[in-house]
Amino acid sequence: MECTCSCGATSFQTLGMPLFRFFCHCTICQRFNDAPFADILVFRAEDVALPPPGTVIFDTYRPPPNVQRGKCATCGQPAVTVFTARFLPRLVTVPRPMFKSDAELPSPAAHGFYDMRVSDANDPLPKYEGYFRNQIAFLKHLWLARRP
Ligand SMILES: [Zn+2]
Ligand SMILES: [Zn+2]
């Protein structure tokens, strides 16, 4: 699938299906996306062909720097986040607005960090609160999405 920002300067491809999709209400996602919550697709790192260096400006929103969040260097749209935590699989997440349509994307599976929300979500999806519960839920969704 093709990922493109609104100005077109940042463009890259995903080579495999997303593992899952979720809404994240954490304050870092709020700040990164300048929105009440983020709509995020999680990929294995090897399934995303990252944009060429310089296209995206990466920033660490909270130390340690094992999560690098990148915005388009031209228009500032959140484009890609790279996870390099040592004890997790290597993952890359892409915000929903980078995709042209919902047609080939899975439906969101859950709400993360719901205790940090600025507005309520009126849907039947599971809502995870607290850091520890969110870590467990994240690992659970990774496990459910595993494939050979
Ligand atoms: Zn978040
Ligand atoms: Zn752009």
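Structure data summary
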| read-out | value |
| --- | --- |
| Charge-dipole axis of the stretch 2-144 as Lys and Arg at +1 and Asp and Glu at -1 on Cβ define it, positive-most pick from 82, 124, 93 | 82 |
| Solvent-accessible area of residue 24 with every protein chain in place, 1.4 Å probe, in Å² to the nearest 10 | 10 Å² |
| Partner lysines for residue 140 [C-alpha distance under 17 Å; skip if fewer than 8 residues away on the same chain] | 127 |
| Cα-centre dipole for the chain with unit charges at Cβ (Lys and Arg positive, Asp and Glu negative), debye to 20 | 440 debye |
| Rounded percent of accessible protein surface that carbon and sulfur make up, the chain, 1.4 Å probe | 57 percent |
| Mean accessible surface per residue for the stretch 2-144, computed with a 1.4 Å probe while every protein chain stays in place, in Å² | 55 Å² |
| Relative contact order for the stretch 2-144, counting Cα pairs under 8 Å that sit 6 or more residues apart, in percent | 27 percent |
| Angstrom value of the Kirkwood radius, inverse mean 1/r, which spans all Cα pairs in the stretch 2-144 | 15.4 Å |
| Computed helical MRE - 222 nm, the chain, DSSP H runs ≥ 4 contributing -39500 (n - 2.57), nearest 500 | -4000 deg cm²/dmol |
| Rounded tilt (10° steps) of 131-144 against the dominant C-alpha axis of the chain | 70 degrees |
| Span from the the stretch 34-72 Cα centroid across to the the stretch 86-148 one, whole angstrom | 15 Å |
| J(HN,Hα) series, the stretch 50-66, from Karplus relation 6.51 cos²θ - 1.76 cosθ + 1.60, nearest Hz, glycine and proline x | 4, x, x, x, x, 5, 10, 9, 8, 9, 9, 8, 7, x, x, x, 9 |
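The values are calculated or read from the model by the stated rules, or taken from the named source; none is laboratory data. Given the structure is predicted, the values throughout are model-derived calculations rather than measurements. A quick note on method: Cβ atoms are made from the backbone with ideal geometry, for glycine too, and the neighbour counts reach across all protein chains shown. Surface accessibility is based on the protein's heavy atoms, side chains included, excluding ligands, DNA and RNA. Shrake-Rupley method; radii C 1.70, N 1.55, O 1.52, S 1.80 Å.
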